[in-house]
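The values are calculated or read from the model by the stated rules, or taken from the named source; none is laboratory data. If you're wondering where the values come from, they're calculated on a predicted model, not measured in any experiment. Here the Cβ is made from the backbone with ideal geometry for all residues, glycine too, and neighbour counts use every protein chain on show. For the accessible areas, the whole protein counts, side chains as well, though only heavy atoms, and no ligand, DNA or RNA atoms are used. Shrake-Rupley method; radii C 1.70, N 1.55, O 1.52, S 1.80 Å.
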Amino acid sequence: MKPMHVYEARYQEFYDQKRLNATFADLGEKPKVGLWLGLKGVNQEFYPVSFE
């Protein structure tokens, strides 16, 4: 059985207090996610990520 949902995790470190804060979001089934590479307005391109 393949997982279909994608989850996003973000974290923030607090160096002075030695703790970590994490948040999670369910992006749903087969979301349009990917990476933006390049310089904005010059050569920036979107590369979609597939989980199939």
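Hey, among 2, 32, which residue is open to solvent by 80 Å² or more (accessible area, probe 1.4 Å), of a type in the set (D, E, K, R) and either at pLDDT 80 or above or on the phi > 0 side of the Ramachandran plot (or both)?
32
Quick one: in the range 5-23, of everything that is of a type outside the set (Ser, Thr, Tyr) and outside any strand (DSSP E or B), which residue is surrounded by the fewest Cβ atoms within 10 Å (Cβ to Cβ)?
Of the range 5-23, the ones of a type outside the set (Ser, Thr, Tyr) are 5-6, 8-10, 12-14, 16-22.
Among the residues that remain, those that are also outside any strand (DSSP E or B) are: 16-18.
Details: 16: 5, 17: 7, 18: 7.
Result: 16.
Are any residues in the range 36-48 part of a strand (DSSP E or B) and either of a type in the set (Ser, Thr, Tyr) or surrounded by 10 or more Cβ atoms within 10 Å (Cβ to Cβ) (or both), and if so, which ones? Talk me through it step by step, then tell me what you get.
Step one: list which residues in the range 36-48 are part of a strand (DSSP E or B), which gives 36-37, 45-48.
Passing the criteria: 37, 46, 47.
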